[in-house]
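Visitor: Here it is, the structure in full.
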Amino acid sequence: MKYGIIAVLTLFLGCSLAGKHRGHLYKSIRIFPVTVDCSLTTETLIDLGRYNSFDKEINNETFPIDCIGTKEVLMKIVRIGKLADSEEVLRELDGMGLRPATIHELLAFGAAYPDEQRKDSIIGLGSESQRMTPHLFGYFGENGGWRQLLLSYELEIWPDSYWFSAVSKQ
């Protein structure tokens, strides 16, 4: 069989899929329903995320609101499962019918599901400022672990352990 078949998806909070989709290999996808309130400022979304630390350059001036109203999205956290540059990651997401999540979608996800970034680094390629990319980083540890919201220089090659936030194209 040329393609793996993902025929039926029963949505569970944070369900995972693994395999092959339209010829594109990926290690896994985790899916989460997220409400994005576009009336909230970037700073308010950061406050709601209750990060232990965050990059001060992530603000409304650098990342202005890019949507209107309130929207519901299914955030897909995708692990490509191989070393890849940003262009390759974007091609993989595109081939799966996805676009990279914006900073506001990523921040809404971080506020709703704080433990997910303690498991894995999650990159938001949908918003960029001066080749800097939003990045949720964290780890489990004493007192519940640590969570950071960073701006990372876009890497030549993203490690295969990184996950990328995405939503369906609409």
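The values are calculated or read from the model by the stated rules, or taken from the named source; none is laboratory data. Please read all numbers here as calculations on a predicted model, not as lab measurements. Virtual Cβ from ideal backbone geometry, glycine too; neighbours counted across all protein chains shown. These area figures cover heavy atoms from the full protein model, side chains too; ligands, DNA and RNA do not enter into them. Shrake-Rupley method; radii C 1.70, N 1.55, O 1.52, S 1.80 Å.
Visitor: If I filter the stretch 37-63 down to residues being without any contact (Cβ under 8 Å) to a residue 12 or more places away in the chain and open to solvent by 60 Å² or more (accessible area, probe 1.4 Å), which single residue comes out as nearest to Leu149 (Cα to Cα)?
Guide: The residue in question is Lys56.
Visitor: Taking the condition touching a residue at least 12 places away in the same chain (Cβ under 8 Å) and closer than 19 Å to Lys169 by Cα, does Leu93 pass?
Guide: Yes, satisfied.
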